[in-house]
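Undergrad: Sending over a structure as structure tokens; questions will come in a sec.
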Amino acid sequence: MKLHFASNGCQNPKFKSLLPTTIKACAPTQDLQGQSVAVVGLGKSGKAATRLALARGASVVAVDCNENLGLLEQDPLFEMHSGSLRTILGYFDEELILNGVDRVIVSPGVPLDNHGLSALLHSGKQVMSELDFAAEILPKSVKILAVTGTNGKSTVVTFAGQMLRELGIEAFVGGNLGNPLSEAAFQCIASPSLKPKFQVAVVEVSSYQMEIPNNHFCPSVAVVLNLTPDHLERHGTMRNHVALKCRLFSHMSHPRLGLLPFGNEHLNEAIAEHMDELNLAWIGAYPGVKIDSEAKVSSFEVPAVGVVSQLQLGALKAMGTHNYQNAAVAALSIIGLNVGVDIEAIGSTIEKLRPPPHRMQIVYKDVHGVSWVDDSKATNAEATYAGLMGLRRQKSVILLGGVAKVLEGLESNGFEQLVELLNYHRCVITFGTSGTLIQTTLSNNGLRIPCIRAANLKNAVSCARTMAKPGFFLLELLQSICYSNRFILFLFSVSDIFKIIKFSFLNV
């Protein structure tokens, strides 16, 4: 059964009360005029996709199983399109709605196991990711830099965007970070200028966004920073996880530069099918980029893109030596785009780079010289290890807390690999649901410094302030390597940290 939208209403009266019937006059950008679209999942990406679909002339039914969300028709952002939009919250007839539209757009937060989406995809129905739906309408002149990986992708994307903008190149920065790509596509459509609004789209890509094969998302440069077990509760196995990440390389546009971590055992099989199609470069080997953290310099040798040079990183103000690699990878990625900049020009931007929030971010300095550092986005062992490496020369009090996850194929939560680095610091304070588990794992694996269990975050902060020696020790706040809901992760926001620290200092 097909749901048909037209100016005289839905042909089948059964759907007339559920679905939009008003179609506005066709504009040059309205390539979906007369078509019907279902958007599944109404988080940030789903809302952006809905807005884009309406701008492209489609009639949209937007669905989400969360009945507590607001109706999009009542959102001022969608007011002018309210006649072409219907929102269904809570239960909906999946077969009736999803089979009855011309195409289905799936938000990254919605697993394909939900709502019969996997079967719908394999039936030949046009089921698209939000990412691919946006890329379909992006001007062809917009070059895409796509970055994925387990850790560091938000920082690399942020650095690349800052570099481009400092050099006068209009760049959209978003995707899995910040604004969805559909927002960039909408801005391009809405712009009255014939000139594209952006020259480059720098896009953070998660494995969730790659579950549906993409046909229109075609990066010129694709980066896989690293790959370690993550999101396996959704992807099942590490092999599946890696295969999804490497879909970035399946549809690339010129110059097709792929940047990969050297020596990652998980990647060999996944990238074999793409080897002949790409100009490959490595993170940590040549052809590619090597980083000398001691000398604060990166060396590039990538003949495929005509670069043999060095980039001085000493001016980088971002905390942590791992950010030298993040900056170097961002720089090489921009060179690979072939947008008319060289390493020397990029070098002038290094001192202006700032990492995104919650990534080795100094959020408070007290009068005694103790720095409070928020690294709450380090939600796995590898990310936390990188943060600790950046503090090797600075004694710290380390807070670890949250809800731990067990790594695939191992009776381990990964905390034991931190012991060697932790032993250089003042002490560890654990808190949260897995606080006792963290404490036990560290103690059983050779931790030689004090490890204190705090009842909650407030108590952990109070204890940490006592342990941090004025003028000498640093406190690394919320170095959480635990898996949890996004709500819990973002509970550790900068504003919350300030409130807790202020309370702690005023009551001593």
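The values are calculated or read from the model by the stated rules, or taken from the named source; none is laboratory data. Predicted, not measured: the structure shown is a model, and the values here were computed from it. Reconstructed Cβ throughout: ideal geometry from the backbone, glycine too, with neighbour counts over all protein chains shown.
Undergrad: What tally of residues in region 59-96 results from selecting those that are closer than 24 Å to A119 by Cβ, in contact with a helix residue (DSSP H, G or I) (Cβ under 9 Å, 6 or more places away or on another chain) and surrounded by fewer than 13 Cβ atoms within 10 Å (Cβ to Cβ)?
TA: The number of residues fulfilling the criteria is 1.
Undergrad: In the set L260, L248, which member is under 23 Å from S207 (Cβ atoms), of a type outside the set (G, A, S), surrounded by 15 or more Cβ atoms within 10 Å (Cβ to Cβ) and touching a Phe, Trp or Tyr at 6+ places or on another chain (Cβ under 7 Å)? Quick ask: steps written out before the conclusion?
TA: Working: L248 fails: touching a Phe, Trp or Tyr at 6+ places or on another chain (Cβ under 7 Å).
So the residue among L260, L248 that is under 23 Å from S207 (Cβ atoms), of a type outside the set (G, A, S), surrounded by 15 or more Cβ atoms within 10 Å (Cβ to Cβ) and touching a Phe, Trp or Tyr at 6+ places or on another chain (Cβ under 7 Å) is L260.
Undergrad: Output the qualifying pairs, or none if there are none: Cβ atoms under 8 angstrom, residues six or more apart or on different chains, first residue in region 330-343 and outside any helix (DSSP H, G or I), second residue modelled with pLDDT of 95 or more and polar (S, T, N, Q).
TA: N338/S220; V339/Q199; D342/S309
Undergrad: Check off (1) over 26 Å from Q30 (Cα atoms); (2) among the hydrophobic types (A, V, I, L, M, F, W, C); (3) at pLDDT 90 or above; (4) buried (at least 17 other Cβ atoms within 10 Å of the Cβ) for A119 and give me the number that stays unchecked.
TA: Every condition holds for A119 apart from (4).
Undergrad: Among the residues of region 373-380, is there at least one that is closer than 30 Å to K469 by Cα, among the small types (G, A, S) and in a loop (DSSP other than H, G, I, E, B)?
TA: Going through region 373-380, the residues closer than 30 Å to K469 by Cα turn out to be 373-380.
So of that shortlist, the ones also among the small types (G, A, S) come out as 376, 378.
Now narrow it down to the ones that are in a loop (DSSP other than H, G, I, E, B): 376, 378.
Yes; the residues of region 373-380 include at least one that is closer than 30 Å to K469 by Cα, among the small types (G, A, S) and in a loop (DSSP other than H, G, I, E, B).
Undergrad: Give the number of residues within region 407-450 that are touching a Gly at 6+ places or on another chain (Cβ under 9 Å), modelled with pLDDT under 85 and aliphatic (A, V, I, L, M).
TA: Final tally of qualifying residues: 1.
Undergrad: Applying the selection to region 187-221, what residues are modelled with pLDDT of 95 or more, of a type in the set (A, V, I, L, M, F, W, C) and not in a loop (DSSP other than H, G, I, E, B)?
TA: The answer is V200, A201, V202, V203, V221.
Undergrad: Test each condition in (1) at pLDDT 70 or above; (2) touching a helix residue (DSSP H, G or I) at 6+ places or on another chain (Cβ under 8 Å); (3) of a type in the set (K, R) for K24 and report the one that comes out false.
TA: Among (1) at pLDDT 70 or above; (2) touching a helix residue (DSSP H, G or I) at 6+ places or on another chain (Cβ under 8 Å); (3) of a type in the set (K, R), the lone unmet condition for K24 is (1).
Undergrad: While we're looking at this one, here's another question. Could you say which residue among G168, G70, G124, G109 is modelled with pLDDT under 95, at positive phi and either in the same structural domain as G340 (by TED's automatic domain parsing) or not in a helix (DSSP H, G or I) (or both)? Let's see the steps before the verdict.
TA: Details: G168 fails: modelled with pLDDT under 95; G70 fails: at positive phi; G109 fails: at positive phi.
Only one candidate qualifies: G124.
Undergrad: For region 32-61, name all the residues that are among the hydrophobic types (A, V, I, L, M, F, W, C) and within 15 Å of F186 (Cβ to Cβ). Before you say what the answer is, go through the steps one by one.
TA: Keep residues of region 32-61 that are among the hydrophobic types (A, V, I, L, M, F, W, C), which gives 32, 37-40, 42, 48-49, 52-55, 58, 60-61.
Result: L32, V37, V39, A48, A49, L52, A53, L54, A55, A58, V60.
Undergrad: Within region 344-384, track down each residue that is within 20 Å of Y324 (Cβ to Cβ), hydroxyl-bearing (S, T, Y) and either at pLDDT below 75 or surrounded by 20 or more Cβ atoms within 10 Å (Cβ to Cβ) (or both).
TA: Scanning region 344-384 gives T349, T384.
Undergrad: Oh, and also: In region 47-73, how many residues are hydrophobic (A, V, I, L, M, F, W, C) and touching an Asp or Glu at 6+ places or on another chain (Cβ under 6 Å)?
TA: 2
Undergrad: List pairs: first residue in region 431-458 and free of Cβ contacts under 8 Å to residues at least 60 places away in the same chain and assigned by TED's automatic domain parsing to the domain that holds N380, second residue aliphatic (A, V, I, L, M) and surrounded by fewer than 13 Cβ atoms within 10 Å (Cβ to Cβ) anywhere in the structure, Cβ distance under 8 angstrom, at least six positions apart or on different chains.
TA: The qualifying pairs are F431/A455.
Undergrad: Something else: With the condition being over 28 Å from H368 (Cα atoms), of a type outside the set (D, E, K, R) and touching a strand residue (DSSP E or B) at 6+ places or on another chain (Cβ under 9 Å), I'd like the helices (runs of 4 or more DSSP H) fully within region 415-467 carrying at least 3 qualifying residues.
TA: Values: elements: 419-422, 435-443, 457-467.
Per the criteria, 435-443.
Undergrad: For region 289-301, what are the residues that are surrounded by 16 or more Cβ atoms within 10 Å (Cβ to Cβ), of a type in the set (A, V, I, L, M) and free of Cβ contacts under 8 Å to residues at least 40 places away in the same chain?
TA: Of everything in region 289-301, those that are surrounded by 16 or more Cβ atoms within 10 Å (Cβ to Cβ), of a type in the set (A, V, I, L, M) and free of Cβ contacts under 8 Å to residues at least 40 places away in the same chain turn out to be I291, V297.
Undergrad: Looking only at region 251-308, how many residues end up being aromatic (F, W, Y) and part of a strand (DSSP E or B)?
TA: Residues of region 251-308 that are aromatic (F, W, Y), as a first pass: 262, 282, 286, 300.
Filter once more, keeping what is part of a strand (DSSP E or B): 282, 300.
Selection size over region 251-308: 2.
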